[in-house]
Amino acid sequence: DIENKKRLLQNKIENIRKLRIVIEDENDIVFKSVHLTELFTPKGGDMRLSKSWCKEHLGEFPVYSGSTVDEMYSSIDEYKYDGEYLTWVIDGLAGYIMKIKGKFSITCHRGILLPTDACKNVDLQYVKYVLEPIFRSRIRGRIGINGKNEYTALKPKHIEKYDDTIPIPITTDGKFDLGKQQELARKYATIESIKTDLYDKIMELTSIVVY
C-alpha cells in the first residue's frame with residue numbers, strides 16, 4: 001500500500017513540475033502578446049567546446065553546457081558573450097532556462113536568446129518565468145518520470161518554427177512596463193518557491209523505506 005502511495009506521489013511530482021501558472025488577471029495590468037522571435041533570436045552554442053578542447057584552453061571564463069542548474073562545464077581563456085542573457089538546454093532535459101550574467105561561452109548543448117532591437121525595457125527574469133513552461137511544452141523526445149531517463153530536445157530552429165507569444169505588461173501609451181514585469185517576476189519567484197517546497201516534501205515522502 002505504501003509503495004502504491006509512493007507511485008501516486010511521484011506522478012504528482014511530475015504534475016507539479018509541468019504546472020504552468022500565468023498571472024494575467026491583474027486588474028491594473030494590461031498585457032500585450034508579443035512573438036518571442038520579435039524580442040529574441042535563438043542561437044545554438046559553440047560546437048568546438050568539447051572537454052578536450054576546453055582542457056587545452058584553460059582560463060578564467062566559464063563555459064556552460066546542458067545542466068539545468070548554475071553549474072559550469074569548464075573555464076577557458078576566451079569568451080563569446082558579455083552581459084546578461086537567457087539560455088536554455090537544447091538536449092537532455094531540454095527547455096529549462098537559465099539566466100547567465102558576465103563573460104561566458106556555451107557549448108552546443110545549450111542555446112542562447114539574443115535580444116533584438118525591439119527588446120527594450122524587458123525584464124529577463126520575468127521572461128524566464130513565463131517562457132520556461134512554453135519551452136517545456138515544445139520539447140521532443142523521450143520523457144521520464146521526475147526528469148529520470150529523459151532525453152528531449154528543443155533546437156533553435158524549433159523555436160523559430162513555433163514562434164510562440166509571451167504576455168508582456170504595457171503602459172497606457174503601449175510601451176513595455178518594466179516595473180510591472182519586475183513586480184510579476186517577484187510573484188512568480190514566490191510561486192516557484194512553493195513548487196520547490198512541495199517537490200522536496202514529496203521527494204522526502206517517496207524516499208521513506210519501511211522495514
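The values are calculated or read from the model by the stated rules, or taken from the named source; none is laboratory data. Please read these numbers as outputs of a predicted model, since none were measured by experiment. Methodologically, a virtual Cβ is constructed for each residue, glycine included, from the backbone with ideal geometry; neighbour enumeration extends over all protein chains shown. With ligands, DNA and RNA removed, areas are computed over all heavy atoms of the protein, side chains included. Shrake-Rupley method; radii C 1.70, N 1.55, O 1.52, S 1.80 Å.
If the requirement is being at pLDDT 95 or above and surrounded by fewer than 18 Cβ atoms within 10 Å (Cβ to Cβ), which of these qualifies: Glu38, Glu71?
Result: Glu38 is the single residue among Glu38, Glu71 that is at pLDDT 95 or above and surrounded by fewer than 18 Cβ atoms within 10 Å (Cβ to Cβ).
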Selection from the stretch 71-91 of residues that are among the hydroxyl-bearing types (Ser, Thr, Tyr) and not in a strand (DSSP E or B): Tyr79
Residues of the stretch 159-197 classified as polar (S, T, N, Q) and either over 26 Å from Ser137 (Cα atoms) or crowded, with 18+ Cβ neighbours inside 10 Å (or both), total: 3
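Which one of Ile106, Ile139 is under 13 Å from the mean Cα position of the chain (by Cα), open to solvent by less than 60 Å² (accessible area, probe 1.4 Å) and aliphatic (A, V, I, L, M)?
Just a single option satisfies the conditions, and that option is Ile139.
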